[in-house]
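Okay, structure first, notes after.
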Amino acid sequence: MSTQEDSVPAVPPASGAWRAGDSRGGRRFTRIGSVTLERGGRLDDVEMAYETWGTLSPSGDNAVLVLHALTGDSHVTGDAGPGHPTPGWWNGLIGPGRELDTDRWFVVAPNVLGGCQGSTGPSSADPHSADGSPYGSRFPYITVRDQVSAEVMLSDLLGIDRWALVVGGSMGGMRALEWAIMEPERVERLFVLASTAAATGDQIAWCSAQMMAIRCDANFHGGDYYGAGPGEGPHNGLGVARRIAHTTYRSEAEINLRFGRLPQPGENPLGGGGRFAVESYLDHHADKLTHRFDANSYLVLTQTMNSHDVGRGRGGVAAGLGRVTARTAVAAISSDRLYTPGQNAEIAAGIPDCAPLRVIDSPYGHDGFLVEVERVGEILVELLGEPAQQALATH
């Protein structure tokens with residue numbers, strides 16, 4: 001049984017953010033202008049990075065919007081390579097003849113506002129700074145609704161008036177819900193996976209520990225660390241945050257079955273300074289993230305997830321969900337202890353035109369929405385069937 005990939009990463013950079021001058025990979029870029037923020041103020045000269053697959057039809061009726069989770073990005077499908085440190089996070093779903101068939105659908109995946117893989121975020125140059133330095137500590141607090149506002153502006157510039165489908169899991173599911181509530185006339189179908197209608201106290205508590213780990217790193221410098229050299233950024237704090245988060249992404253049963261009390265091969269954890277296998281596994285995922293992500297973006301995006309509440313200013317969660325007019329499918333992961341089946345059931349019950357909750361049986365916990373690609377694809381095909389109403393009527 002393999003518990004860790006064999007490669008040992010090099011010293012991490014101060015930030016794993018994509019920066020101007022790096023390989024673009026499959027990214028496209030467009031400037032959308034100023035985004036007015038929910039809490040007041042605005043972000044000026046905002047740039048959005050995104051990837052596309054397929055061709056927009058002359059009538060514009062075949063567009064699908066795919067929204068990524070916390071540490072995801074626009075690279076939904078494809079190989080790792082220049083500009084893309086990891087393979088696509090939903091490899092196998094997009095392409096000719098696949099569930100999101102690019103001979104039929106035009107698929108768009110933006111990097112989220114506040115992220116670090118091409119869209120404006122804390123690592124981006126602040127247009128108001130005299131020397132073009134990154135925002136760093138100056139980046140404002142943004143909400144999920146602000147992120148959707150930026151994506152609406154991107155959609156306008158792409159000439160997309162209505163999405164045939166908006167789909168997202170986890171943090172992407174939060175944005176998908178807000179899309180369907182904020183812009184109901186622009187969302188024909190909605191697919192939410194492993195998400196929640198509002199961040200719970202338990203979820204905020206787990207996030208709080210992760211954010212504190214980053215802020216307590218001696219190399220965080222209040223968020224202004226971009227001039228530091230390799231190994232001199234807040235990678236230790238970001239790595240701790242990832243270890244905490246990744247534990248919540250997998251199920252207790254899987255971790256116990258896969259690792260139990262096994263020592264890491266060649267190490268003695270019983271007084272010998274070595275690690276248990278599960279510790280090595282978490283170390284590995286922490287090291288990977290510090291090479292491809294930015295600590296400030298992790299904070300900004302975690303705060304946006306904490307802000308998530310479809311009922312804020314709308315009379316409560318039930319009233320917020322009641323605004324959705326899209327034909328909807330909601331899927332939960334049976335072993336998800338972060339965004340539980342019960343929380344997803346609340347979404348399904350609250351949306352007027354929603355099929356019964358689909359529960360994907362998986363041992364992989366929250367990460368099941370990324371792992372169980374075949375099951376996700378089956379639900380996608382049903383929802384995208386013609387006509388959509390008949391496709392899900394039997395479920």
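The values are calculated or read from the model by the stated rules, or taken from the named source; none is laboratory data. Remember, it's a predicted structure, so these values are computed and weren't measured experimentally. Please note: Cβ atoms are built from the backbone with ideal geometry, for glycine as well, and neighbour counts cover all protein chains shown. These accessible areas exclude ligands, DNA and RNA; they are computed on the full protein's heavy atoms, side chains included. Shrake-Rupley method; radii C 1.70, N 1.55, O 1.52, S 1.80 Å.
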Item to check | Selection within the range 325-348 - open to solvent by 20 Å² or more (accessible area, probe 1.4 Å), in a helix (DSSP H, G or I) and either polar (S, T, N, Q) or in contact with a helix residue (DSSP H, G or I) (Cβ under 8 Å, 6 or more places away or on another chain) (or both) | outcome: GLN343, GLU346
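If you take the residues in the range 169-196 that are among the acidic types (Asp, Glu) and under 22 Å from GLY313 (Cα atoms), which one is surrounded by the most Cβ atoms within 10 Å (Cβ to Cβ)? Working first, answer last.
Within the range 169-196, the first condition is being among the acidic types (Asp, Glu), and the residues that meet it are 178, 183, 185, 188.
When the remaining residues are screened for being under 22 Å from GLY313 (Cα atoms), the result is 178, 183, 185.
Details: GLU178: 24, GLU183: 18, GLU185: 9.
Only one residue fits best here, namely GLU178.
Restricting the range 3-19 to residues that are open to solvent by less than 90 Å² (accessible area, probe 1.4 Å) and modelled with pLDDT under 95, which is nearest to ASP73 (Cα to Cα)?
To start, the set of residues in the range 3-19 that are open to solvent by less than 90 Å² (accessible area, probe 1.4 Å) comprises 3-4, 7, 9-10, 12-19.
Filter once more, so that each one left must be modelled with pLDDT under 95: 3-4, 7, 9-10, 19.
On the way: THR3: 26, GLN4: 24, SER7: 23, PRO9: 21, ALA10: 22, ARG19: 14 Å.
Selected residue: ARG19.
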Next on the checklist: Given the criteria over 21 Å from the mean Cα position of the chain (by Cα) and not basic (Lys, Arg), does GLY385 qualify?
Outcome noted: yes
Checklist outcome for this item: Across (1) more than 24 Å from HIS366 (Cβ to Cβ); (2) among the polar types (S, T, N, Q); (3) surrounded by 15 or more Cβ atoms within 10 Å (Cβ to Cβ), THR71 clears everything bar (1)
Checklist entry - Taking the range 276-304 as the search range and keeping residues that are among the small types (Gly, Ala, Ser), touching a Pro at 6+ places or on another chain (Cβ under 7 Å) and closer than 26 Å to GLN147 by Cβ, which one is surrounded by the most Cβ atoms within 10 Å (Cβ to Cβ)? => result ALA295
Checklist entry - Where residues in the range 130-153 are in contact with a Phe, Trp or Tyr (Cβ under 8 Å, 6 or more places away or on another chain) and more than 20 Å from SER307 (Cβ to Cβ), which of them is least open to solvent (accessible area, probe 1.4 Å)? => result GLY136
Checklist entry - Any chance the range 20-43 includes a residue that's modelled with pLDDT under 95, open to solvent by 70 Å² or more (accessible area, probe 1.4 Å) and either in a loop (DSSP other than H, G, I, E, B) or within 18 Å of LEU154 (Cα to Cα) (or both)? => result yes
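Looking at GLY92, GLY118, GLY97, which one is assigned to a loop (DSSP other than H, G, I, E, B), at positive phi and open to solvent by less than 20 Å² (accessible area, probe 1.4 Å)?
Working: GLY92 fails: open to solvent by less than 20 Å² (accessible area, probe 1.4 Å); GLY97 fails: open to solvent by less than 20 Å² (accessible area, probe 1.4 Å).
Unique residue meeting the criteria: GLY118.
Being assigned to a loop (DSSP other than H, G, I, E, B), of a type in the set (A, V, I, L, M) and closer than 30 Å to HIS246 by Cα is the filter here, so list the residues in the range 299-324 that pass it. Please lay out each step first, then the result.
Filtering the range 299-324 down to residues assigned to a loop (DSSP other than H, G, I, E, B) leaves 308, 310-316, 322-324.
Then drop every residue that is not of a type in the set (A, V, I, L, M), which leaves 310, 324.
Matches in the range 299-324: VAL310 only.
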